[in-house]
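Down below is the structure, laid out as structure tokens.
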Amino acid sequence: MEPIIVIVGFLGAGKTTLLKKLVEDTVKKNWQPYILLNDYENARLDAQQFMDVVDPELVSALSGSCICCSGLPELRRQVNSIPKRNNPITFIEANGTTDACALLGFLGVGLKSSFSPPIQISVVDTRNWQRREFHNELEANQIQVSSLIVLNHSESVSPERLETVKQGIAEFNPFAKIVQWDDVTTDLINSLKPSESKHQPMKHGATHWSSCSVDLDDPTSSAHILNIIKDLPKGILRVKACTRLDEDEHYSFIEKIPSGETTVRPYRGTLVSGPKLLTIGPGSDPEFLKELVRSSSKSAE
């Protein structure tokens, strides 16, 4: 039977980075992974980064809906349409506001008998765990039925903070295996079993934030991008952008996570969507963003 691994976690916790780590490890060990990514806007931006690791036909993107509710039928359809391979495994990355408990329960119904019961892995940012004010409920929901919880950025916190995070996680999910980033391997994944943990239901509609995407110039200046990010409404929790910066001939991926950190890294893949700015959170209005892109460009000049 084909394993299904569902990766969940709050916005910016490190889900895509963990997915890359697992995909590369499975490929080295002669597995044939299928990858399905879900995001509010233009999931193809992340999906394209896997094209040089696996066959492009084994990478799929599901944008514009949430796979724990409105996007669930399409998710089931795509999973049931996955082609047969030798030594297969399927990875699903959920968007950062997914009701992970509902997703795991719903996904286990209606799949072909060739698939094993889904296994959930949650990524936790140890720096910000349960420091998200009214988003704490969502973050806690995303670990309650996970079989494995991966602690990200643990090297950046004190031993006392790390222990506090572990204890807090154990209170919500006493059955999960908790590991640090470097300890995650394909062999560990293969040993996982469906969670026995119970969960507290939540009103997921409260986390259905607005999102949108607008075009960026190609190339554009670093100052322009930083001006845009600085002037975004405070309600926007996540920013992604991809374009060529300054005089660079290659594309860059710019990302801001809810804690406020902004990173720039090389974009590996073909930018089929064209240069884009994506935002998630209250205040994500396309007309406002278009005007902000224009005004920030003038400021950068």
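Things worth noting here:
- Helices (runs of 4 or more DSSP H) fully within the range 52-148 that include at least 1 residues being surrounded by fewer than 20 Cβ atoms within 10 Å (Cβ to Cβ) and polar (S, T, N, Q): 72-80, 136-141.
- No other residue among T220, T279 is of a type in the set (V, I, T), in contact (Cβ under 8 Å) with a residue 40 or more places away in the chain and either in the same structural domain as L138 (by TED's automatic domain parsing) or under 18 Å from G96 (Cα atoms) (or both) apart from T279.
- For A241: the one exception among (1) under 24 Å from K20 (Cβ atoms); (2) in contact (Cβ under 8 Å) with a residue 24 or more places away in the chain; (3) assigned to a helix (DSSP H, G or I): (3)
- Flag if K177 is among the charged types (D, E, K, R) and in the same structural domain as N87 (by TED's automatic domain parsing): yes
- Test: S284 is modelled with pLDDT under 85 and surrounded by 19 or more Cβ atoms within 10 Å (Cβ to Cβ): yes
- Selection count where residues are under 21 Å from P194 (Cα atoms) and touching a strand residue (DSSP E or B) at 6+ places or on another chain (Cβ under 8 Å), scope the range 140-175: 13
- G260 meets all of the listed conditions (1) touching a strand residue (DSSP E or B) at 6+ places or on another chain (Cβ under 9 Å); (2) part of a loop (DSSP other than H, G, I, E, B); (3) outside the structural domain of P88 (by TED's automatic domain parsing) but one, namely (1).
- Against the criterion of being closer than 18 Å to Q49 by Cα and not aliphatic (A, V, I, L, M), E249 qualifies.
- Test for K193: is it in contact with a Ser or Thr (Cβ under 7 Å, 6 or more places away or on another chain), of a type in the set (K, R) and surrounded by fewer than 19 Cβ atoms within 10 Å (Cβ to Cβ): yes
- Boolean, K230 is under 22 Å from Q130 (Cα atoms) and of a type outside the set (A, V, I, L, M, F, W, C): no
- Taking each residue of the range 153-165 that is under 16 Å from I143 (Cβ atoms) and looking for partners that are aliphatic (A, V, I, L, M) with beta-carbon atoms closer than 6 Å, six or more apart or interchain, yields S154/L162.
- The range 100-142 - residue that is within 14 Å of the chain's Cα centre (by Cα) and within 22 Å of S259 (Cβ to Cβ) and, of those, modelled with the lowest pLDDT: A100
- Test set (1) under 21 Å from the mean Cα position of the chain (by Cα); (2) in contact (Cβ under 8 Å) with a residue 12 or more places away in the chain; (3) surrounded by fewer than 17 Cβ atoms within 10 Å (Cβ to Cβ) - D182 fails condition number: (2)
- Screening the candidates G168, G205 for the property of being modelled with pLDDT of 95 or more, not in a strand (DSSP E or B) and not β-branched (V, I, T) yields one hit, G168.
The values are calculated or read from the model by the stated rules, or taken from the named source; none is laboratory data. Everything quoted here is computed from the prediction, not taken from an experiment. Neighbour counts are summed over all protein chains in view; Cβ atoms, including those assigned to glycine, are modelled from backbone coordinates with ideal geometry.
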